[in-house]
There are 4 protein chains.
Amino acid sequence: MSHASQFDGLARELAEIARLCYARGWALGTSGNFSAVAGRDPLTLAITTSGIDKGLLEPAHIVEIDDRGRVLRGTGSPSAETALHLAIVRSRGAGAVLHTHSIWSTILSDSVTDAADGGGGARLAIEGYEMLKGLDGIRTHEHREWLPVVENTQDWTAAAPRIETTLREHPEFHGFLIRRHGLYTWGKDLPEAKRQLEILEFLFEAMGRKRGMTWQP
Amino acid sequence: MSHASQFDGLARELAEIARLCYARGWALGTSGNFSAVAGRDPLTLAITTSGIDKGLLEPAHIVEIDDRGRVLRGTGSPSAETALHLAIVRSRGAGAVLHTHSIWSTILSDSVTDAADGGGGARLAIEGYEMLKGLDGIRTHEHREWLPVVENTQDWTAAAPRIETTLREHPEFHGFLIRRHGLYTWGKDLPEAKRQLEILEFLFEAMGRKRGMTWQP
Amino acid sequence: MSHASQFDGLARELAEIARLCYARGWALGTSGNFSAVAGRDPLTLAITTSGIDKGLLEPAHIVEIDDRGRVLRGTGSPSAETALHLAIVRSRGAGAVLHTHSIWSTILSDSVTDAADGGGGARLAIEGYEMLKGLDGIRTHEHREWLPVVENTQDWTAAAPRIETTLREHPEFHGFLIRRHGLYTWGKDLPEAKRQLEILEFLFEAMGRKRGMTWQP
Amino acid sequence: MSHASQFDGLARELAEIARLCYARGWALGTSGNFSAVAGRDPLTLAITTSGIDKGLLEPAHIVEIDDRGRVLRGTGSPSAETALHLAIVRSRGAGAVLHTHSIWSTILSDSVTDAADGGGGARLAIEGYEMLKGLDGIRTHEHREWLPVVENTQDWTAAAPRIETTLREHPEFHGFLIRRHGLYTWGKDLPEAKRQLEILEFLFEAMGRKRGMTWQP
């Protein structure tokens, strides 16, 4: 397959995932952004452009960028969080990166503080659920998954290198939360990234609803 | 484009937004009303007629009115809240006005009282969320958005001038709540108004669910 | 229009409402039943037959019955709650009756007890919401709506006369709840009954979610 | 009808149920598995293969297996929980088995402990709801349904015989929960199993939401 038709295929898949996330309430308004690796040598990404209603996102709203975030194909500006997508792809060898703004990830990201957690920064623990097996490499529910919670910023170009380092040091991470902002997860390809997104969102909802109950064990 | 075909386009867009709001549970029964500026000189609005099931709303259910709420085109009565739509368009130069009755805006509107708030009337504060950046002109999550909460009435013609004054005095407002009733928001055009609606409804849901939890920080 | 084609039209409308209620989670499994008056003199009803998956309900699953619940047209057994539909039509002159089993009506029906309410039986009060204006004849949010809560039974033929009497004595009622069971509402025709169903379900959800919060005013 | 065309029919029905469960959020990611008896003598099952996105499940993703879980028709690996499907079919004479991972079954499964329950293992009681009548053989809401809660494991081949024994000893059970994992239910055929699934999920949601409220009776 030519590179151009491969890119077109990724653009169609990304547009479909964007509209699905919008329908589920995980990317309302123009929130959220989504990418997939279009080439490895040199590295290029297919990525959603900013300012598009995710419920109306079409393949034409996807651009191809190089490893510095410059647009190679298509029109529009790539997301302001492009540096994060590139950091994830570089540090994890990911083939796809999904970033959503859901109700439960927003709420859960605010439930963990550095102080309560001791050293190593804020992290959310998810433990003992069968659904954890939907995360790459997890074979049993007897597992404690940690999600780091990163403080929000408006300068991701400055913040991305620190996150890239954390992701290299912690190959066990499947995603991270940004406080009062949302979730980043990834996968070797778009189907794996989509699966991990659904798994993590399910677990956030289950934990969030449980914490709202007085009887919670 | 002729004025007539421009009006037809607005009517189609308004019908689509009405059905979307119905599907999301923000305009059940015949609740909610929606408008867009059809002409500026003289001012005319395309606006939903009252008594229509929003799930079945068609372009034929949109009328054009003048700046006194008189019907110029189409059949049916414009909403009893037409005076509010006109007040918003005049005070903010808005191109579109959306009014919804969602569960979370209804609940949140009832959580703020004058007493608790000191001077200036009841207001809901929303602070520190990334999604705030979906509101026009907001560039960072480090922002506190205020939504005034207006007491409900059945005489909006009488109440609209006071709201128009408030909106002129507070250009920073992106919407307001009516107690136990719902939300008004607007935008320079329908896509911007729709985006702000989704952003505000998301924030209401996140805040509402969090307040229901005993662990809320 | 012939009586037969009028019946066919009602059957199509009833099937559509049944599938909508299923999609909204108000008639899961084979729960819920729906009717509309097909003739007044003598009285006949178009009504859903029992045991049908509401998500798959077709016009062929609607039968016509007389005022004693005997099938005049079509095949299948009318609902075991047919006596209630007839009682409502007779006492209120309703043209359509909708009965749903939603999460929030089930929960709310269990929140009111005789003891707490004093005389007159268990009733749920709904007060001060703009959405109340979606109920027939209500012109302002400054209204307190009462919904009687009837104890559940498996012998509606025996219980229906008491309910018919209550509905004659209280023309102000727009519906009633059956404890841990669901809601009955009605209207002069199917669109009005559907509108009142959506209004009441909205109000149940708003009240139910609010009661789950510690900050509720 | 030939066995092959009967199998094709079951495969289509199973694919439809899988996609419905995905849409309702009961089988996100690749979670959940679904089967139906394809032959009785010898016993064969049509069953979903593992690792498939349930939102994209097609009839081609269904295989036919024998009573030891060996694939007779189609390609792909049957679920790791195949032993449970076979145990249910053998002990209950079920014609269809559905296994879902919903938010509310996950939360409810964690609300019951052996200690609180006395002898006989952990069980969830559901009592007094009209919706219970959607379970096979239940004629009145005045019924207490017990759902056993089984501890989760990653070796269902080892655990299945104990569950098979429990199901033979308790013909009154309509399903069981696996802790922090999900629900198994079944029926004489797929429509009955689907109905019972919807009934149980409804009851979990109603009970879960009620327990989150401080006013719960």
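The values are calculated or read from the model by the stated rules, or taken from the named source; none is laboratory data. If you're wondering where the values come from, they're calculated on a predicted model, not measured in any experiment. Every residue, glycine as well, gets a Cβ built from its backbone with ideal geometry; the counts of neighbours run over all protein chains shown. For accessibility, only protein heavy atoms count, side chains too; no ligands or nucleic acids. Shrake-Rupley method; radii C 1.70, N 1.55, O 1.52, S 1.80 Å.
Determine the dipole magnitude for chain B: charges of +1 sit on the beta-carbon of Lys and Arg, -1 on that of Asp and Glu, nothing else is charged, the reference point is the Cα centre, and the result goes in debye to the nearest 20.
Dipole magnitude for chain B comes out near 140 debye.
Of D:Thr113, A:Thr48, which has the most accessible area and how do the rest follow, probe 1.4 Å?
Result, largest first: D:Thr113, A:Thr48.
First select every other residue whose beta carbon is under 10 angstrom from the beta carbon of C:Ile178; then total the charges, Lys and Arg +1, Asp and Glu -1.
Cβ neighbours under 10 Å give a net charge of -1.
For chain C, what does the helix formula give at 222 nm: sum of -39500 (n - 2.57) over DSSP H segments with n ≥ 4, over the residue count, nearest 500 deg cm²/dmol?
Using -39500 (n - 2.57) per qualifying helix, the result is -11500 deg cm²/dmol.
Where nothing but the Cβ of Lys and Arg (+1) and of Asp and Glu (-1) is charged, how large is the charge dipole of the range B:55-116 around its Cα centre, in debye to the nearest 20?
The dipole magnitude comes to about 220 debye.
Let me know the mean shielding of D:134-145 by other chains, meaning the per-residue number of their Cβ atoms within 10 Å of its Cβ.
Other-chain Cβ atoms within 10 Å of each residue's Cβ, averaged: 2.
Solvent-accessible area per residue for chain A at a 1.4 Å probe radius, Å²?
Roughly 38 Å² per residue, with all protein chains present.
In the neighborhood of C:Ser91, defined by Cβ-to-Cβ distances under 10 Å, what is the net charge if each Lys or Arg adds +1 and each Asp or Glu adds -1? Present the calculation step by step, with values, prior to reporting the outcome.
Values: positive: C:Arg90, C:Arg92, C:Arg168; negative: C:Glu164, C:Glu169.
Taking every Cβ under 10 Å from that of C:Ser91, the sum is +1.
Could you tell me which of the pairs D:Lys54/D:Lys210; B:Lys188/C:Lys210; B:Lys133/B:Lys210; B:Lys210/C:Lys194; A:Lys210/C:Lys210; A:Lys210/C:Lys54 are separated by over 27 angstrom between their Cα atoms in the structure shown?
Table pairs above 27 Å Cα-Cα are D:Lys54/D:Lys210; B:Lys188/C:Lys210; B:Lys210/C:Lys194; A:Lys210/C:Lys54.
Taking B:Thr113 in one copy and the same position in all the others, each labelled 7 Å out along Cα→Cβ, what are the pairwise distances from the first, in nm, shortest first?
Nearest first, the other copies' label points are 2.8, 2.8, 3.9 nm away.
Averaged over its residues, how many other protein chain Cβ atoms are within 10 Å of peptide C:25-34's Cβ atoms? The partial results should precede the final answer.
Values: counts 5, 0, 1, 13, 14, 6, 8, 0, 0, 0.
Mean inter-chain Cβ contacts per residue within 10 Å come to 5.
Please report, as a whole percent, how much of the solvent-accessible surface of the protein assembly as shown comes from carbon and sulfur atoms (probe radius 1.4 Å).
Within the protein assembly as shown, the accessible surface is 49 percent carbon and sulfur.
What is the interface area between chains B and A, defined as buried accessible area summed over both chains with a 1.4 Å probe, reported in Å² to the nearest 100? Mind showing how you got there, number by number?
Numbers: alone 10490 and 10490 Å², together 18710 Å².
Interface area, both chains combined: 2300 Å², rounded to the nearest 100.
Helix C:190-211: angle to the longest alpha-carbon principal axis of chain C, degrees 0 to 90, nearest 10?
Once rounded, the angle reads 30 degrees.
Out of all DSSP beta bridges with both ends in chain B, state the antiparallel percent to the nearest 5.
In chain B, approximately 95 percent of DSSP beta bridges are antiparallel ones.
Per residue of D:201-212, count partner chain C-beta atoms within 10 Å of its C-beta, then hand back the mean as an integer.
Other-chain Cβ atoms within 10 Å of each residue's Cβ, averaged: 6.
Ordered shortest first, which distances in nm separate the 7 Å Cα→C-beta label point of A:His143 from those of the other copies?
Ordered by increasing distance: 3.9, 3.9, 5.5 nm.
Using +1 on the beta carbon of Lys and Arg, -1 on that of Asp and Glu, and nothing else charged, what's the dipole of the range C:93-177 about the Cα centre, debye to 20?
Here the size comes out at about 160 debye.
Tell me the net charge near B:Asp67. Cut-off is 14 Å between Cβ atoms, B:Asp67 excluded, with +1 for each Lys or Arg and -1 for each Asp or Glu.
Spelling it out: positives minus negatives among the neighbours equals 0.
Quick check on the range B:47-113: take the gyration tensor over C-alpha atoms, sort the square-rooted eigenvalues as a ≥ b ≥ c, and tell me if it's rounded (a/c under 1.5), prolate or oblate. Spell out each step's value before the answer.
On the way: a/c = 2.55, a/b = 1.39, b/c = 1.83.
Cα axes put the range B:47-113 in the oblate bin.
Taking the Cα centroid of the range B:5-45 and of the range B:125-154, what is the distance between the two, rounded to the nearest whole Å?
23
Report, to the nearest 10°, how far helix C:3-23 tilts away from the longest principal axis of the Cα atoms in chain C, using its own Cα long axis and a range of 0 to 90°.
40
Among B:194-202, A:131-139, D:126-134, how do they line up by average Cβ neighbours within 10 Å per residue, starting with the highest?
In decreasing order of mean packing, B:194-202, A:131-139, D:126-134 become B:194-202, D:126-134, A:131-139.
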